[in-house]
1. Expressed in nm to one decimal, what extension gain is obtained for the pair residue 44 and residue 144 from 0.36 nm per residue of sequence separation less their Cα-Cα distance?
2. Using the per-residue mean of other Cβ atoms lying within 10 Å as a proxy for protection, in what order, highest first, do the peptides 82-93, 97-108 fall?
3. Could you work out how far helix 79-91 tilts from the main Cα principal axis of the chain, as a 0 to 90 degree angle to the nearest 10?
4. Taking Cα atoms, how many degrees apart are the long axis of helix 157-175 and the longest axis of the chain, rounded to 10 and kept between 0 and 90?
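Quick note: the coordinates plus some simple rules give every number you see, no bench work behind them. Note that the coordinates shown come from a computational prediction; the quantities given were computed from them, not determined experimentally. Here the Cβ positions follow ideal geometry from the backbone for every residue, glycine too, while neighbour counts run over all protein chains shown.
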């Protein structure tokens, strides 16, 4: 049984990110229709990044290492509320998500990715792994994380990892 929720509802958008309807995840999108996806990289104070290893029961890319947190935006959610939900569901982390945490929104063939970056003082053991979707989480030095992040899907995960780190560095410089 796949760990993916194929009956969840997605809000559908056009290229200009205007809402145009709702579809079930299992339904095919027509050309010009997009759904939203959120992803995040979470860094510790040593500059290491938290990665999740996907469940072997996932429909797509089972057992692959992935971003810290990610998933589809459900109907009625914003990218902010979806990011908060995904962090709580997947790793048991409840943290306020701000628009400033979002560093990139990029369109693809039938979805739009919203990328976030966060910093934490937690250790990997402090997170509660959602066993139905994840095998485990671990912190890695960025060069090791690059080796784990094989190209899955169509987002350039290693480039996004570097952008997320740069985003956090810019924010830290602004607060000094």
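1. Working: separation 100, 0.36 × 100 = 36.00 nm, distance 1.48 nm.
Gain on stretching residue 44 to residue 144: 34.5 nm.
2. Going by the mean number of other Cβ atoms within 10 Å, highest first, we get 82-93, 97-108.
3. 60
4. The angle comes out near 60 degrees.
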